[in-house]
Each structure stands twice: as structure tokens, then as C-alpha cells.
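What follows is a short report on a single structure.
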Amino acid sequence: MRDKDLIIGVLGIQGDIEENVSQTATAFHSLGKKGEVRVVRHSKDISGLSGLILPGGESTVVSNLATVNEDLLHKIADAVSGGMPVLGTCAGMIILSTRAYDRVIGQTKQKLLSLLNIVVERNAFGRQKDSFEADMEISLMGKRPFKGIFIRAPIVSKAEAGVQVIAKMEDKVVAVKQDNIVATAFHPELGSDNRFHVHLIKSASDFRDRINVMRGVGFEPTNP
Amino acid sequence: MTISLVPSEFEQKNIHRRGSSSRSPFAVGTTLVKRGFAHMQKHGVIMDVTNVEQAQIAEDAGAVAVMVLDKLPFDVRLAGGVARTASVKVVQEIMDAVTIPIMAKCRIGHLGEAQILEEIGVDMIDESEVLTPADEESHLWKWDFTVPFVNGAKNLGEALRRIEEGCSMIRTKGEPGTGNVAEAVAHIKAVNNDIRRLGSLVDDAQELIKVSRQLQSSLQIVEETARLGKLPVVNFAAGGISTPADAALLMNLGCDGVFVGSGVFKSDDASQRAQAIVLATTYFDDPATVLESQRMVDERKSMVGLDTQNLALRMQERGPSV
């Protein structure tokens, strides 16, 4: 019952939104928590969230939203700057970064949130026929290998101080963590392994508890 | 698992590995990677383009991918003759100019065109009835390719047969190049109604066998679809979409995204219209935003429509019947 106010948002503009919703639901189930998953489409949907997922898709399409619904992106930036845990996968990682360029085309004009101090090379492994799946060692997620699904995936070409590298593929950085932000070049929402989503829920739960203590809500007393 | 992996017995023969080392842990062209690409297109708009300029307009408007073809479907009707895949040069120029995924059409059953498109490096191939079919007996066996395919379907049986052949995405056929959305609506409703009927038969093996015979599809994929309550791959709308309201209509019917063919670049307000259709597709369930998107276009600038009942060429009827 303690988790009824634990709400994870999934940015619902474009991409694999439902896949993240269902992966988060399975992660809640694995943890035995009763949380809620909310698709975030308008700026009002941000209030009450304890964690947020920026799903995979085409980063240019989500960037394009900035011209239509700037308020939503501002609200997301405020929430993440305020310490709310966020998981960005593929396009989500690009949106969070400070600079992105395409492997072939070069600098792109898309708008970015500039919350995560990394430079991203888009489509770094090549086109779709070069997309692949591969097992990786990710110590943050435990000993068992994690199957990364890389679809026209980007890489982190430069990580500034304060950014922790959590996964590499062929010596290329493909997952990073900076304080409350976790970002992956691959798609943890597509496979059957929900450890990244479990990690997000745990961080979101801690964040929610800290906020409640600050607000003086504290914990609900348990009935004897 | 959020991506359906049935049927997969054909996939195993075709896992290519990256690099020369057979110990390399990379697996390319797997069902997960191919269907996963299609999942990334969801809630997006894929726009038909014939040159670099149109591709850039589409990307700037927020298209999730572009579909390269030699002539827009409306112009295919005007030109008559044989419609083939686009020039290699044009496909390459567009690949060098935009960062979003590039798709291209090949003729139904035309192995040669499909091999060329895969070799150039397009991100998805549309085995399309908009072009003149090259094989009246069989569609391509798409499991043999590393690149994913999208196919058209006007009912559940067609959709399941194409998925059995290895396609990673389905779109309605609609009636392309007409600016008339009625056929696409009919097709998505037919698929949805049949899936709803299947859903009630999940535990009835005898009925499922009968349905699989009616649909001319394997029992395995019929069972899988009944269990999922939806197609095992993403399902887009296509054929005749020309206004933001058209896109919102099809999204409301449960499509995962839309293709716009002649609707954008046969109109007189292409750039505005492309943006408006993207906005309506994203916020299809929010009438205020759909209104805002419809305000961005002028009906006097929409493409001239064609009555789908009296067409000289019904593209949806072309190609192999099974």
C-alpha cells in the first residue's frame, strides 16, 4: 500500500511507449510493488511523478516537439534537474545529451535537453542492417550478462567529468550514469530482462521517500 | 517480452554475425532486431518522397522515416506503364542527406530489386502493390534478408501470410494515390474485427483450426495472434491519407502509426501539411490538438481526390492472391 503514490512516467510522444509501459509493469511485479505507470503527453502529466522514462524512437521527432509543446520539455528539464530519476533509452539518451551529431551527416539541428554531460554520435554502428543484439557485462545490473538490443544505435563519443560509464560494447561507451540520470544506447525495454526498469523504480522509490521527508509527510504509520 | 517472436523457426538459419570472427558475439538480422526497428517507428508518420528536397521537408516536419519511390502513387496512376523501384542514385542521395531511417519500395516478388535495396543499405524495404508486381505467384521470402520488410494487407489472412513470410511490419493497403481514406478504414476495421473474433476462440483448438483454414495461414500464427489480441508485428495505416483529420481517424481506429503517400507532396502546402499530420498523429486522442493541426492546412490546397469505386487500376487487388 505504501507504493500507491509511486508513479513512473513514460514520455508518450513517439516510439516504443507501450513497450516501456509493459516493461515497467513487469518490473513493479518483480519488486512486489504496487506502483503506477503513466503515459506523459501534456505538461500537466509531470506532476506527481517519481521517475521518468524517455523511450526509444526517432530523436528528431521528439526534438521537434519542442516547437509545438515547449512547456512539456521545460517541465521535464525542471523535474530531472530537481533530482527525479530518469532512464533514457536510445533516442531518450540523445534527447538528454548536450550535443549530438550524425555519423554520416555531421552536426544535427535538433533541440536537446542538455541535462546529461555527454556528446552523442548518432547511428554510430551503421544503418539498420548493422543493428544487432549482443550480451554485455554491466556490473551495475549484477553478474548475469545483459542482452543489449542495438537498433541504429548511438554511442557516447565523449563523457564529461561526473559521468560514470556503466557499459561498453567493442570499446565504445553505450550506457552511462550521471547522478539521477541513466542512459543507454540500446533498448532494455525490448527484451525479457527488466533490470534497468527495476533499477529505475528503486531510485524513484528512494527519491519519493526523500521528497516526502522534506515535505514532512514522512512514512505512514503501520497499524499494530 | 514486449516483442512477439513467433514464428521463429526460420529465423535461426539466417543469423549473420558481425565481423569476420565466428566467435563475435553480435547477431544481426534477428527477429528481435528486425521487429524492434518497426517498434521504433510507432506513433510516427512515414512520408513518401521522390527526391532530396522532399526528404528534407519530411525530416524537418517530424517524419519518423521517409519512403523513397520513383513516382508518388498518384503519379503512378497518371503515368501508367510499369512502376519499378527508385533510381539507386536518388536513394543514395537521400541516404546522404537526412538522418532519419530511409525505406524504399520494391516490386512484389522482385528478388533483384530487394537485393539491390538491401545492398545500398536502406533501413526497411516495402514490398509494395504501388509498384507493378513482378511475381503473380509468390511474395518474397523475407526471412532470407537482414533488412526488415513491411507489407500491405487488406484483411487478417493477408497480414498473417506476410508475417509468416518474414515481414516485420504490416500496413493497410488502402487505395494509394487517391486521397481517399475510405479503403484504409475498411482494411483496418476488417483486421481488427477478425482479431476480436479470434480473441474469443483462444482456448478452442477446433475453432482455431477452422479459422486458420479460412485465413489460409498456419495454426501457429493464428494461435499466437489470438493469444496476443493483436498482430505479432506493428500495424500502420496507409493509402489515401491526405489531411491531419485522416491521420487522427486512423490512429483512433487503433493503428500504430501512419504512412502518407501522395497526400503531402501532391498538396499545395506540403511543408505545413507534413507538420500538421505529424501533430495530429501524436495527439490523435486530443480533439483540441487535432483541431489545431487541421487549422494548419487549407482544404483548397489538399490533393484532388479520386473516387475509389471507378478506378482504372485498383492497386490493392494486385499481386499473388495467397
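What to note about this one:
- Conditions (1) without any contact (Cβ under 8 Å) to a residue 24 or more places away in the chain; (2) at the interface with chain B (Cβ under 8 Å from one of its Cβ atoms); (3) surrounded by fewer than 24 Cβ atoms within 10 Å (Cβ to Cβ); (4) under 30 Å from B:Gln92 (Cβ atoms); number of the one not met by A:Phe132: (3)
- Of the residues making up segment B:237-245, not a single one is touching a Lys or Arg at 6+ places or on another chain (Cβ under 7 Å), surrounded by 22 or more Cβ atoms within 10 Å (Cβ to Cβ) and farther than 30 Å from B:Cys167 by Cα.
- Matching entry among B:Leu117, B:Leu111, B:Leu160 (being aliphatic (A, V, I, L, M) and either surrounded by fewer than 24 Cβ atoms within 10 Å (Cβ to Cβ) or touching a Gly at 6+ places or on another chain (Cβ under 9 Å) (or both)): B:Leu111
- Filtered residue count, segment A:14-41, keeping only those that are facing chain B (nearest Cβ under 8 Å) and modelled with pLDDT under 95: 1
- A:Ala134 meets all of the listed conditions (1) over 21 Å from A:Asp179 (Cα atoms); (2) not in a strand (DSSP E or B) but one, namely (2).
- Filter result (assigned to a loop (DSSP other than H, G, I, E, B), free of Cβ contacts under 8 Å to residues at least 40 places away in the same chain and within 14 Å of another protein chain (Cβ to nearest Cβ)) within segment B:260-303: B:Tyr283, B:Phe284, B:Asp285, B:Asp286
- Any chance A:Ile211 is out of contact with any His (no Cβ under 6 Å at 6 or more places or on another chain), at pLDDT below 95, within 22 Å of A:Val80 (Cβ to Cβ) and of a type outside the set (Phe, Trp, Tyr): yes
- First in segment B:230-247 and part of a helix (DSSP H, G or I), second anywhere and not β-branched (Val, Ile, Thr), Cβ under 6 Å, 6 or more apart: B:Pro244/B:Ala276; B:Pro244/B:Ala280; B:Pro244/B:Ser293; B:Pro244/B:Gln294; B:Ala245/B:Gln294; B:Ala247/B:Ala280
- Test: residue in segment A:56-64 that is surrounded by fewer than 19 Cβ atoms within 10 Å (Cβ to Cβ), without any contact (Cβ under 8 Å) to a residue 60 or more places away in the chain and of a type in the set (Gly, Ala, Ser): no
- Residue in segment B:73-84 that is among the aliphatic types (A, V, I, L, M), free of Cβ contacts under 8 Å to residues at least 12 places away in the same chain and more than 8 Å from chain A (Cβ to nearest Cβ) present: yes
- Only one of the listed residues (A:Ala175, A:Ala91, A:Ala153, A:Ala183) is surrounded by 24 or more Cβ atoms within 10 Å (Cβ to Cβ), small (Gly, Ala, Ser), facing chain B (nearest Cβ under 9 Å) and touching a strand residue (DSSP E or B) at 6+ places or on another chain (Cβ under 8 Å). That residue is A:Ala91.
- Helices (runs of 4 or more DSSP H) contained entirely in segment B:44-100, each with at least 3 residues that are under 20 Å from A:Lys129 (Cα atoms) and not charged (D, E, K, R): B:88-95
- Any hit, segment A:152-161, residues being closer than 18 Å to A:Ser192 by Cβ, assigned to a strand (DSSP E or B) and in contact (Cβ under 8 Å) with a residue 24 or more places away in the chain: no
- Just one of the listed residues (A:Gly142, A:Gly126) is within 14 Å of chain B (Cβ to nearest Cβ) and more than 20 Å from A:Ile53 (Cβ to Cβ), and it is A:Gly126.
- The listed residues are A:Gly106, A:Gly148, and the only one of them that is closer than 30 Å to B:Ala114 by Cα, buried (at least 16 other Cβ atoms within 10 Å of the Cβ) and free of Cβ contacts under 8 Å to residues at least 60 places away in the same chain turns out to be A:Gly148.
- Hey, A:Asp71 surrounded by fewer than 17 Cβ atoms within 10 Å (Cβ to Cβ) and under 30 Å from B:Ile57 (Cα atoms) or not: yes
- Segment B:137-154, residues that are polar (S, T, N, Q) and touching a residue at least 40 places away in the same chain (Cβ under 8 Å): B:Ser138, B:Thr146
- Tally, over segment B:107-165, of residues that are in a helix (DSSP H, G or I), of a type outside the set (Asp, Glu) and within 14 Å of chain A (Cβ to nearest Cβ): 6
- Selection from segment B:304-322 of residues that are in a loop (DSSP other than H, G, I, E, B), under 20 Å from B:Leu72 (Cβ atoms) and of a type in the set (A, V, I, L, M): B:Val304, B:Leu306, B:Leu311, B:Ala312, B:Leu313
The values are calculated or read from the model by the stated rules, or taken from the named source; none is laboratory data. Model, not experiment: these values are computed from the prediction. As a convention, Cβ positions derive from the backbone with ideal geometry for all residues, glycine included, and neighbour counts pool all protein chains shown.
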